[in-house]
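Trainee: I have a structure here, written as structure tokens, and I will follow up with some questions on it.
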Amino acid sequence: MSNISSPASRGSAVLHLLWTTGPSAAWITLFLVLPSLYLVSMAFLTNGTYGQPEMPLSVDSFRQLAGYGFLGWSPGNLYTLLRSLYYTLFSTALTVLVAYPIAYYISTARPSLRVVMLLAIVVPSWTNQVIRAFGWMNLLAPGTPISTLASWLGLASPELGLYPSSFAVMLGLVYNFLPFMVLPLYSAFEKLDMSQLEAARDLYASPLRAFFAAILPQTLPGLLAGLVLVMIPAFGMYVVPELLGGGRAMMIGNLVATQFADGSNWPYGAAGSILMLAATLLGIWLLRRLGRRLGGGEEVVI
Amino acid sequence: MRQRRAHPAFAVFWWLVLLFLYLPLAVVVLFSFNAINSAATFAGFSLRWYVSLFSNDAVIHAFYNSMVLALSSSVIALVLGTFLGYGLYRHRGRRMGWLIVLIYLPIVMPDVVFGISDMTFFVRLNSMFGILKPGMLTMIISHVTFELPFVALLIYARFVNLDAALFDASKDLYAGPIKRALYFVIPAIKPALVAGFFLAFTLSFDDFVISFFTSGPESATLPIYIWGAIRRGISPDINAIGSLMIAAVLVAALISLIFTLKSRKREGNLN
Amino acid sequence: MPTDSATREEFPDKAAARSVSRDASSITLKGLSKRFGNDVVALDNVDLTIEAGEFFTLLGPSGCGKTTLLRILAGLDSADSGSVEIGGRNVTDVAPHKRSVNTVFQSYALFPHLNVRDNIAFGLKMRGIGKAESNTRVEQMAASLKIDNLLARQIHQLSGGQRQRIALARALVNEPDVLLLDEPLSALDAGLRSDLQVELKRLQQRLGMTFVFVTHDQEEAMVMSDRIALLNGGSIEQVGAPPEVYERPRSRFVARFIGHDNLFPVSSRNGYTINTELGMLTTESSAGGTASLALIRPEIIELSAPGSAGADPTLALNRLPGRVRERFYRGATVEYHLDCGGQHIVAEATNSGERLFRIGDQVQVEIYPEDVILINE
């Protein structure tokens, strides 16, 4: 029956909708939608002398983004894009591998203990991400026990240590996003029908086959939600590559930010922002589609 | 439900992951007590970095900025988000696709793009009209923008969990619109209001990227100060600030744990 | 709940006060219509008068409009057209919080953030009644409903039956002109439910208050009500006291809803005799024009072994041969499903200790002419 009840006519219901949601909608429109549109439009302007966008309209910024500069085409930006994708996919895969057993293990604990365990997983992500990256810098710098061990094993050179490096960036990404994979997977495990797993262990014997036959299909909604929560922000990450990559492991977010800070080429940076936005929307769209096709779409929040 | 039992290997893995999660934090805390200025060797216990922290005006100013920013933005976000959450709830039967897109936009937009959009927009407005000079005000505006959807979703979720007949009951029991808000709606969603405020506060206090782009020269927050200090070269008082922030998080975690366990006990038979 | 003697003391002046202001609690509905969206007709031009002090039940299947009607009485929904008068005052456009009407909701709708005492006191507080008086009234009400030991409890600590009583107390403590009850017993299990039916009925008689009760359970309606209105598709099919509705249903819908199965289309009527699919039947009267359906209540059918002649010759007027197809033993009664010349008919016999018929037995079905009920649609 109607929730918009009482002697409220249709008109006053609309008024109610307006005064409750209007201020927020106006706020987001004014302070995020308009700025984004401005940024998007900026990509079609010319780069002025001081890095400020100017008329006339041009697509120079997109040419630049594609790698065409004064000296002809260079693959630098393409590499950055591919590197971003590679870091994102690789660290997401690692996150999934770590999160699955953790989520399962938490779901096997006593209910009162589960709260504590979940909190233990989440608490590090409540600390400031700059501090967390700084912690890793301290751990991985040349001369630290971990770096020394790595160089002794032949995994890193003694002078350079493990940081700054691609390895440090991916480690930082996994570290950052692990809780966002554990939480949705845990809630999937909580609902998991264990009799199916037992039946699967009976029928297929090998744990790996049991995983693919019984666990994966049932935890798929959680996995997809986790992928949305990990992949999308990982791709746009700024702090981790900036601090742990040391300039050699730049991701797309750093490329864009540089154009507004040191580089001062706003149209070029704006073109990069468009690329990031497009990638984000594409990612969400793909994951939602995948979710629907696999029948777990409803639980994918975004 | 029957208790499941995990293979002991899972327990080993669990403790390894915990080590992975807490090692970086432990290192920060450990070296905050280091007697010498080194991130590699620990040369004895000392409180010198904490002492120097409290005489560092830049740190104190940054902390002050962080508090002002987090407090004012979360109050505004709480008010706006509560109305938004309520509106979403009361009109949930309608198709509100455009509104949903608006609400999710701040959540899904990459921080860098979010910060840069606002920064360029504010700079532009400032050069055209002389308003919204990058500084505390612009930071508050941007922070409200990204906190708002989280608050609204929390409030909305609380409303959805309430029995819809309660609204009817309050009307039926002689409460007019204002009394309904004061004696029914606000008390009934109080847990979500508290949670929403703390979530917004934490999001704001923790944020680096959006603050970084929308701040002005005088409005550096703690994360911005730390960032700058790291970029300038490693300085051990970052460890001290970091340790204090970690301590604050641990206290918050403890409070939320107590709160969760208590409310579980209280609402256990309800759900 | 309290015994009658106890409660007369607890509501000393109320009955007297109410008898003076009895007219304040009569309800008149005129031409009430309500639609949801463009297609769903919830109420279609409903006219209804509910007397002061009456236990009145709105009975019907889900979607018949009974809950909508109740919500319009409470002011929680507004009608598209028509008027609502309570105690002679037109309250059609009066907001719910300004009506002297209270509701016991199906889910009870107890405020989770308040304890039992504050829940019961909520309406008094909203009306600005002082703390002292409010406390007294809450405690009196709680004592009379035997829930005074629960006043300090939190809502989530209570059982369904306790919640039901608190919801009742929360509504009654306001001393409304009319109490509305929206399927208040539907969430309870069977035993508790029938206890509470009796208690609610006693309470209503004691208070002399107008109760408007919504249910989809016909037995519940008949046990409790002074009068019942049967709703179907937003219209009232019949209003009447329980025996009237049960024994003289005016439409096929009412007959079916009230639980009758033995309905036979009438093909023609000639004086005292009607022609039905069951065969020729003699009726009590020749008046009343055409009839479309004949209803035979299972419990008035006389069953006997073939060939045995009954004591009453009028019984022989409607004598049909039948065969027992199924038998359901219910203790006090036995239900037989019979095949009467290809027609299915249900008979309910009192279990008087004599030999029961068995499946496959040939029987003689006899019906008094006055028990053949004609429905004219």
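Trainee: May I ask you to rank C:Ser83, A:Ser91 by accessible area, largest first, using a 1.4 Å probe over the protein chains only?
Mentor: C:Ser83, A:Ser91
Trainee: Between C:Ala305 and C:Arg358, what is 0.36 nm times their sequence separation minus the Cα-Cα distance? Round to one decimal in nm.
Mentor: The span from C:Ala305 to C:Arg358 would gain 17.9 nm if fully extended.
Trainee: Not counting ligands, DNA or RNA, and with a 1.4 Å probe, what is C:Thr290's accessible surface area in Å² rounded to the nearest 10?
Mentor: That residue has around 100 Å² of solvent-accessible surface.
Trainee: Amide H to amide H, which residues 5 or more places from C:Ala42 or on other chains are under 5 Å from it, using H placed in the peptide plane?
Mentor: Here the answer is C:Lys34, C:Arg35, C:Phe36, since their amide H atoms fall under 5 Å of that of C:Ala42.
Trainee: Quick one: which residues, 5 or more positions from C:Thr103 or on another chain, have an amide H under 5 Å from its amide H? H modelled 1.01 Å from N in the peptide plane, none for Pro or chain starts.
Mentor: C:Leu180
Trainee: Let me know the mean shielding of C:163-173 by other chains, meaning the per-residue number of their Cβ atoms within 10 Å of its Cβ.
Mentor: Across the residues of C:163-173, the mean count of other-chain Cβ atoms within 10 Å is 1.
Trainee: Can you work out ³J(HN,Hα) from phi for every residue in the stretch C:335-340, in order, using Karplus 6.51 cos²θ - 1.76 cosθ + 1.60 and θ = phi - 60°, giving whole Hz and x for Gly and Pro?
Mentor: 9, 10, 9, 10, 9, 10
Trainee: Ok, one more. Considering only Cα-Cα distances, which of the following residue pairs are longer than 26 Å: A:Lys191/B:Lys190; C:Lys66/C:Lys131; B:Lys179/C:Lys30; B:Lys190/C:Lys125; B:Lys171/C:Lys30; C:Lys131/C:Lys201?
Mentor: Those over the limit are A:Lys191/B:Lys190; C:Lys66/C:Lys131; B:Lys179/C:Lys30; C:Lys131/C:Lys201.
Trainee: Are there residues in the stretch B:174-191 whose accessible area shrinks by at least 50 Å² when all protein chains are included rather than the chain by itself, and which are they (probe 1.4 Å, ligands and nucleic acids not counted)?
Mentor: B:Tyr174, B:Tyr183
Trainee: Now for a different question. May I have the convex hull volume per residue, in Å³, for the Cα set of the stretch C:261-375?
Mentor: For the stretch C:261-375, the hull spanned by Cα atoms encloses 98 Å³ per residue.
Trainee: I'd like the residues of the stretch B:231-246 whose 1.4 Å-probe accessible area shrinks by no less than 10 Å² going from the isolated chain to the full set of protein chains.
Mentor: When all protein chains are present, B:Arg231, B:Ile234, B:Ile238, B:Asn239, B:Gly242, B:Met245, B:Ile246 each give up 10 Å² or more of accessible surface.
Trainee: Please give the per residue accessible area of chain A, computed with a probe of 1.4 Å over protein heavy atoms only, in Å².
Mentor: Accessible area per residue, chain A: 46 Å².
Trainee: Moving on. In whole Hz and in residue order, list the ³J(HN,Hα) couplings for the stretch C:155-164 that follow from phi through the Karplus curve 6.51 cos²θ - 1.76 cosθ + 1.60, θ = phi - 60°; x for Gly and Pro.
Mentor: For the stretch C:155-164, the Karplus-derived couplings read 4, 6, 8, 9, 7, x, x, 5, 4, 4 Hz, x marking Gly and Pro.
Trainee: For the stretch C:110-135, list whatever residues lose no less than 30 Å² of accessible surface once every protein chain is in place, relative to that chain by itself, with the probe at 1.4 Å.
Mentor: C:Phe111, C:Pro112, C:His113, C:Phe122, C:Lys125, C:Met126, C:Arg127
Trainee: Return one quarter of the surface area of the convex hull spanned by the alpha-carbon atoms of chain B, equal to its mean projected area, in nm².
Mentor: 21.1
Trainee: Also, I was wondering about something else. Going from most exposed to least, what order do B:Arg92, B:Arg264 have by accessible area with a 1.4 Å probe?
Mentor: Greatest to least solvent exposure: B:Arg264, B:Arg92.
Trainee: Taking 0.36 nm per intervening residue step and subtracting the Cα-Cα distance, what contour gain separates B:Arg48 from B:Val251 on full extension?
Mentor: Length gained, B:Arg48 through B:Val251: 70.7 nm.
Trainee: Rank these residues by their accessible area, most exposed first, probe 1.4 Å: B:His143, C:His337, C:His113, C:His344.
Mentor: In descending accessible area the options line up as C:His344, C:His113, C:His337, B:His143.
Trainee: Another one. Quote the FRET efficiency, to the nearest 0.05, computed for A:Arg248 versus A:Ala199 with a Förster distance R0 of 51 Å and r equal to the Cβ-Cβ distance.
Mentor: According to the calculation, E is roughly 0.50.
Trainee: Between C:Asp148 and B:Ile107, take the C-beta separation as r, use R0 = 60 Å, and let me know the FRET efficiency to the nearest 0.05.
Mentor: Efficiency, rounded to the nearest 0.05: 0.75.
Trainee: What FRET efficiency would be calculated for the residue pair B:Ile100, A:Glu190, taking the C-beta separation as r and a Förster radius of 25 Å, to the nearest 0.05?
Mentor: In this case the efficiency is close to 0.40.
Trainee: When chain C is modelled as a GNM with alpha-carbon springs shorter than 10 Å, which of C:Asn102, C:Asn351, C:Asn262 fluctuates the most?
Mentor: Among C:Asn102, C:Asn351, C:Asn262, the largest GNM mean-square fluctuation belongs to C:Asn351.
Trainee: With θ set to phi - 60° and the Karplus curve 6.51 cos²θ - 1.76 cosθ + 1.60, what are the ³J(HN,Hα) couplings of the stretch B:113-121 in order, to the nearest whole Hz, using x for Gly and Pro?
Mentor: Computed from phi, the couplings for the stretch B:113-121 are 5, 4, x, 5, 3, 5, 4, 4, 5 Hz.
Trainee: Here's something else I'd like to know. Across every pair of different alpha-carbon atoms, what Kirkwood hydrodynamic radius in Å does the stretch C:253-309 reach?
Mentor: 12.8
Trainee: Using Cα springs under 10 Å in a Gaussian network model of chain A, which residue among A:Val14, A:Val230, A:Val116 shows the largest mean-square fluctuation?
Mentor: A:Val14
Trainee: Just grab the label-to-label distance for A:Arg63 and A:Leu160, each label 7 Å out from Cα along the Cβ direction, in nm (one decimal).
Mentor: So the two model labels end up 3.6 nm from each other.
Trainee: Using label points projected 7 Å from each Cα along Cα→Cβ, tell me how many nm separate C:Thr136 and C:Glu247, to one decimal.
Mentor: Calculated label separation equals 4.8 nm.
Trainee: Let me ask another. Regarding the stretch B:1-133, what's the average projected area of the Cα-atom convex hull, expressed in nm²?
Mentor: 17.4
Trainee: Shifting gears a bit: So if I average 1/r over every pair of distinct C-alpha atoms in the protein assembly as shown and take the inverse, what Kirkwood radius in Å does that give?
Mentor: So the Kirkwood estimate lands at 34.0 Å.
Trainee: Next question. In whole percent, how big is the carbon plus sulfur part of the accessible area of the stretch A:159-229, probe 1.4 Å, protein atoms only?
Mentor: Taking all protein chains in place, the stretch A:159-229 shows 66 percent carbon and sulfur surface.
Trainee: Give me the accessible area buried between chains A and B, both sides summed, with a 1.4 Å probe, in Å² rounded to the nearest 100.
Mentor: Interface area, both chains combined: 8000 Å², rounded to the nearest 100.
Trainee: Could you give me the percent of Cα pairs per 20 Å distance bin for chain C, shortest bin first, beginning at zero and ending with the bin that holds the maximum distance?
Mentor: Calculated over all Cα pairs of chain C, the distribution is 25, 46, 26, 4 percent.
Trainee: Could you grab the relative contact order for chain C? Cα pairs under 8 Å, six or more apart, rounded to a whole percent.
Mentor: 16 percent.
Trainee: Just grab the label-to-label distance for B:Val12 and B:Ala58, each label 7 Å out from Cα along the Cβ direction, in nm (one decimal).
Mentor: With each label point 7 Å from Cα toward Cβ, the separation is 4.8 nm.
The values are calculated or read from the model by the stated rules, or taken from the named source; none is laboratory data. Note that this is a predicted model, so its numbers are computed, not measured. Neighbour counts are summed over all protein chains in view; Cβ atoms, including those assigned to glycine, are modelled from backbone coordinates with ideal geometry. Calculation scope for accessible area: heavy atoms of the full protein, side chains included, ligands and nucleic acids excluded. Shrake-Rupley method; radii C 1.70, N 1.55, O 1.52, S 1.80 Å.
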